[in-house]
Amino acid sequence: MANRTTRRQSSVPTGRIERFVQLGLMAGELVLGGVLEGMRRAGTRGEPAGNPMLNARTARRIAERLSHMRGAAMKLGQLLSLEGPDFLPPDFAAALGILRAGADPMPHSQLRRVLGREYGAGWEARFQRFDFEPVAAASIGQVHYAIAADGRELALKIQYPGVAQSIDSDVENVTGLLRLLKLLPANIDVRETVAEAKRQLHQEADYLKEAEMLQHYARLVADERQLRVPRVHMDLSTKRILAMDFVEGEPLDVLAHPDTPQGRRDAIGRMLMRLLFRELFEFRFMQTDPNFANYLYDPHGNQIVLLDFGSVRRFESRFVARFLQLCKAVVTNDRGAVRRLATEIGYIHRDDPPHIVERGIALIMLVCEPLRHRGIYDFAHSNLPQRAREAGFDLLLSGDTLHPPPPETLFLHRKLAGSFLIMARIGARVNVHNLLVPFLP
């Protein structure tokens, strides 16, 4: 069986106590690093103020430990890194960004144990070839190239051991870490948000459920010529191993290369934005993890390949109807309707003071700028993320007791924000308003 050029490997910590200790050590390093950084700043004239724990050295320590832990802890670190320099100090965000490049692969000995547990003794007979060096290693699992005994070319997504069992404790411990870093405001009750994060991550850890979601999504987008969804091979799939067609392509951000024609960037951007609207308003079924690693670009067929369906969300028809009405109110500048619908959805609460309500409405109108804009919206040259975060911080720092967004919107917001970042990264210019109009009531 073939091996590719090896990368640094490290065993995945599988026990809850072992993982708790890892996060405890990280917290200790953060406190010590913060004290030393604070002392250094105190003796340096002109040093910027701010949380001394949010520095590049600390971020590198966090990234190294989370990359070693994998699982829900690393997944939450990736989400934090996506907030970028508008939310975190630039050096901190850049250092934490290595989490998006992938994780340490597990050692071959640990990988063999997983394969033996899932496939049983003599699992090697199922394959003509199995590459022990992964083609990708992410937060929940790593992907291997294989050729089945009957000649099928496969991508096998193999889950790290212990990940599923440690989700709840990882989420609680990372939430505590974010409190330590003061990245979770004390005036917001995040219990429902934390519960939703746990629910979603448990779903991502069930590869049989992902196989079902992948097959369902493939049927939904069968009419989209520019999209490809890998076929599932159920005879080689288990709860912890997902077998799919091996599909070749280039990273999506190849479209950001200066030589890429603007027309191609715009066409791909239009397709992805229209797909987002179809997912929410037509399918009521959305892939909610717009990570660049979850897309491939096939330049020969000018197609996008969608790879990962662990993070999906079904939406109730009532929620979708209200959200669509909210979009209509936003684009028609009907602030009264925005207030009513935002209250029905849960963005605004009936006991919120008037000034919080008004700032909440203003924030909704702001983040919907691409929908409201008439004509081509240039994502790459927009500073909307910075303006939105400044407005959000002003709200958080108001001192008022605030309510988090409704739990069902947690991963919807991730999809919306991540899609904006993809559009900006590839330099797409899209008339978003015109794409939305056909869905409006």
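Any read-out appearing in this document is the output of simple, stated calculations on the displayed coordinates, not a laboratory observation. Model, not experiment: these values are computed from the prediction. Neighbour counts run over all protein chains shown; Cβ positions are idealised from the backbone, glycine included.
Here are a few things to note about the model shown:
- Dipole moment magnitude, nearest 20 debye, the range 250-441 about Cα centre, only Lys, Arg, Asp, Glu C-beta charged: 520 debye
- Net length gained if the chain between R129 and S109 were fully extended (0.36 nm per residue, minus Cα distance): 5.5 nm
- Calculated FRET efficiency for the pair Q386/E358, C-beta based, R₀ 22 Å, to 0.05: 0.55
- Using a Förster distance of 22 Å, the FRET efficiency for A149-R117 (Cβ separation, nearest 0.05): 0.65
- Extending 7 Å from Cα along the Cβ direction at Q215 and again at E192 yields two label points whose distance is 3.5 nm.
- If you bin all the Cα-Cα distances of the range 250-441 at 10 Å, starting from zero, the percentages per bin are 8, 34, 36, 17, 4, 0.
- Stretching the chain fully between R350 and D378 yields a gain of 6.4 nm (0.36 nm per residue, less the alpha carbon separation).
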